[in-house]
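What follows is a single structure, written as structure tokens, with notes after it.
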Amino acid sequence: MTEHDGDGAHVSTGTTGETGETGQNGQNGHNGEAGEPAIPELVIISGMSGAGRSTAAKCLEDLGWFVVDNLPPALIPTMVELGARSQGNVARIAVVVDVRGRRFFDNLRESLADLDAKEVTRRIVFLESSDDALVRRFESVRRPHPLQGDGRITDGIAAERDLLRELRGDADLVIDTSSLNVHELRAKMDAQFAGDDEPQLRATVMSFGYKYGLPVDADLVVDCRFLPNPHWVPELRPFTGLNEEVSGYVFNQPGAKEFLDQYTELLQLIAAGYRREGKRYVTIAVGCTGGKHRSVAMSEKLAARLSSEGVETVLVHRDMGRE
């Protein structure tokens, strides 16, 4: 498992609307008296460089948390205060604190004391890993350890362990990732923070035309060219798969409805496997020759099926109108 850390602060939010009025397990920190702003729940993610902080943060983002990467510790109370002013839109905040912000690291203890005084519900997650595993990960990406200076990777690891020793002792959850892959780490984070809800899969259904090339971001590709092409029906040629006459023509062809039914069943099986492996997003590309008739009609029906089964679905017609 490799972690790719940048140098600047990075803010990202969950996309499922889960950062609404209720927080983890229906809690929203301390709601206070009527009319007072609700204090967001807070998770601080820290640990050894290369141990998986970015993966852990991404997992919380997928679960609907508001994630801030590389925030100076002194600004954590300010971040929580801003979340409290969001009228419930930011109910859960995750902050990644690491040695990239080492100039500010001495301020962490003071910030934690400030949060405790304000009765903020907070947890510290510490990502640990063995020296051997960390060395392999840094060597695999050919990047120096942020604290090694002119020394070796092991020198940087030792310096970081010393710097983080006290924080590790204060952690509410320590995860050793020495023998974990990315999916296993995500599963551990899900077990701690997903509550009783199964992690949701979000799908993008995209129609496209083969003559314009395959979508580069497609996870699954469906070929509708086994169906007769409405392009060769003069009265249907000007229209698209959004038109009822074109859609009716496509789904009156032998095998069209059966294909939709059976492929939807197959997607249910694939989706269950994706969730087990920690995959949260899938792009399903549905193609025909020009991306105007068959693929559009099939994409519309497929997206409707997925939505009816509770899958958050985005529908995109990449090449419609391109001819």
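The values are calculated or read from the model by the stated rules, or taken from the named source; none is laboratory data. Everything quoted here is computed from the prediction, not taken from an experiment. Here the Cβ is made from the backbone with ideal geometry for all residues, glycine too, and neighbour counts use every protein chain on show. The area values use the complete protein model at the heavy-atom level, side chains included, leaving out ligands, DNA and RNA. Shrake-Rupley method; radii C 1.70, N 1.55, O 1.52, S 1.80 Å.
Miscellaneous remarks
- Peptides 47-59, 170-182 ranked from most to least packed give 47-59, 170-182, packing being the mean of other C-beta atoms within 10 angstrom over each peptide's residues.
- Projection of the Cα convex hull of segment 58-135, averaged over all directions and equal to a quarter of that hull's surface, yields 6.1 nm².
- Separation in nanometres of the label points that stand 7 Å from Cα toward Cβ, at Gln268 and Arg85: 4.8 nm
- Largest-first principal axis extents of the Cα set of segment 278-323 (Å): 37, 21, 13
- When the Cα gyration tensor is reduced to axis lengths a ≥ b ≥ c, the ratio a/c is 1.5 or higher for segment 37-92, and with a/b not above b/c it is classed as oblate.
- Rg/Rh for segment 195-277, where both radii come from Cα atoms and Rh is the Kirkwood radius: 1.05
- Förster radius 30 Å - calculated FRET efficiency between Arg276 and Ala113 (Cβ-Cβ, nearest 0.05): 0.15
- Accessible surface, segment 41-184, averaged per residue in Å² (probe 1.4 Å): 44 Å²
- Potential lengthening between Arg123 and His183 on full extension [0.36 nm per residue; Cα-Cα distance subtracted]: 19.4 nm
- Using 0.36 nm per residue and subtracting the Cα-Cα separation, the extra length available between Asp131 and Val216 on full extension is 26.9 nm.
- In this rough spin-label picture, where each label sits 7 Å from Cα along the Cβ direction, the Leu242-Arg202 distance is 2.3 nm.
- Cα gyration tensor category, rounded, prolate or oblate, for segment 143-232 with a/c compared to 1.5: oblate
- Computed label-point distance, nm, for sites Val316 and Thr289 using a 7 Å Cα→Cβ extension: 2.6 nm
- Relative contact order %, segment 162-278, counting alpha carbon pairs below 8 Å whose residues are six or more apart: 32 percent
- Classification of segment 150-302 by its C-alpha gyration tensor yields a prolate form. The axis ratio a/c (a ≥ b ≥ c) is 1.5 or more, and a/b outweighs b/c.
- Of all lysines in the structure, the ones whose alpha carbon falls short of 30 Å from that of Lys257, not counting any fewer than 8 places away in one chain, are Lys211, Lys279, Lys292, Lys301.
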